[in-house]
Amino acid sequence: MIRFERVTKRYGDGTTAVEELSLDVGEGELVTLVGPSGCGKTTTLMMVNRLIEPTSGRILVNGEDIARTDPVRLRRGIGYVIQQAGLFPHRTVLDNTATVPALLGWKRSRARAHAGDLLEMVGLDPKTYGPRYPAQLSGGQRQRVGVARALAADPPVLLMDEPFGAVDPVVRERLQSEFLALQARVRKTVLLVTHDIEEAVRMGDRMAVYGQGRIEQFDAPAAVLGAP
Ligand code: ADP
Ligand code: ADP
């Protein structure tokens, strides 16, 4: 579903963030990208929705070379969740969740009904939380809205960059379990970036363990942990 073929990214200042990286992620698979800060995880992720363009190599999504795909069309099929949720502060929770369907031209009433269903799905009562503003939610609740919004157009692919990184450990564990339960139902193809090895082990069908700009191991968590 997502395929990297010998992808290199060198930034303008000469920094090589990712070098000759190859990776194959199957449909409905959740792959965690794990490693210390600065090893190239976010760069890898952001090349998938073309927020960053590779210097060389090729990335395929659903068999299509994304360099030849219109970025707007590409992003329609890709949900994106970032740390601190990235919500629009001056829009209500319901409007935040309905943003993408509205951009896709859905009728306002349908977009809002759908947004309500999505909030339910991530465990937020739309009557209570829909009218609130992001600042009126806890960190964990904001992350749930971030997930709901990313799923709004039912994209086959989900990119998650430290999605549970900004909350305390207890909330983090709850969000992790909730997301795994949700993923068991919706079966998105997920790339999840984390620097937390426990999170990578817990969440990943497979985990890609980064060294500097490279993937050093790519396997099921049990196999990675069992490796010498
Ligand atoms: P990670 O997500 O693993 O923390 P990143 O992909 O953010 O790593 O960064 C990989 C490397 O690329 C780091 O050395 C970082 O400093 C560098 N880098 C990231 N973004 C830029 C940029 N816009 N310009 C120059 N160097 C960058
Ligand atoms: P606005 O129309 O308010 O300026 P944006 O254009 O910033 O909004 O974003 C519109 C929607 O598209 C947001 O809900 C956001 O989640 C989604 N979006 C923005 N950037 C990306 C991206 N790189 N990949 C996937 N979805 C994105």
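The values are calculated or read from the model by the stated rules, or taken from the named source; none is laboratory data. In this text the structure is predicted, and so the values were computed from the model without any measurement. A quick note on method: Cβ atoms are made from the backbone with ideal geometry, for glycine too, and the neighbour counts reach across all protein chains shown. The area values use the complete protein model at the heavy-atom level, side chains included, leaving out ligands, DNA and RNA. Shrake-Rupley method; radii C 1.70, N 1.55, O 1.52, S 1.80 Å.
Given Thr92, Thr42, which one is more than 18 Å from Val193 (Cβ to Cβ) and within 14 Å of ligand 2 (Cβ to nearest atom)?
Being more than 18 Å from Val193 (Cβ to Cβ) and within 14 Å of ligand 2 (Cβ to nearest atom) holds for just one of Thr92, Thr42, which is Thr92.
Can you say whether Thr55 is open to solvent by 10 Å² or more (accessible area, probe 1.4 Å), among the β-branched types (Val, Ile, Thr), more than 23 Å from Asp219 (Cβ to Cβ) and away from ligand 1 (no atom under 11 Å from the Cβ), as far as the supplied structure shows? Criteria met by Thr55.
Any chance you could count how many residues in region 207-227 are closer than 19 Å to Glu29 by Cβ, touching a residue at least 24 places away in the same chain (Cβ under 8 Å) and under 21 Å from the mean Cα position of the chain (by Cα)? Steps first, answer last, please.
If we filter region 207-227 for residues that are closer than 19 Å to Glu29 by Cβ, which is where we start, we get 207-210, 215, 217-225.
Narrowing the set further to residues that are touching a residue at least 24 places away in the same chain (Cβ under 8 Å) leaves 207-210, 215, 218, 225.
From what is left, the residues that are under 21 Å from the mean Cα position of the chain (by Cα) are 207-210, 215, 218.
Qualifying residue count, region 207-227: 6.
From the list Gly146, Gly105, the one residue that fits, being modelled with pLDDT under 95 and open to solvent by 20 Å² or more (accessible area, probe 1.4 Å), is Gly105.
When residues in region 78-106 are screened for being without any contact (Cβ under 8 Å) to a residue 40 or more places away in the chain and either among the hydrophobic types (A, V, I, L, M, F, W, C) or within 16 Å of ligand 1 (Cβ to nearest atom) (or both), 4 of them pass. Here Leu30 meets each of (1) within 14 Å of ligand 2 (Cβ to nearest atom); (2) within 30 Å of Tyr129 (Cβ to Cβ) with one exception, condition (1).
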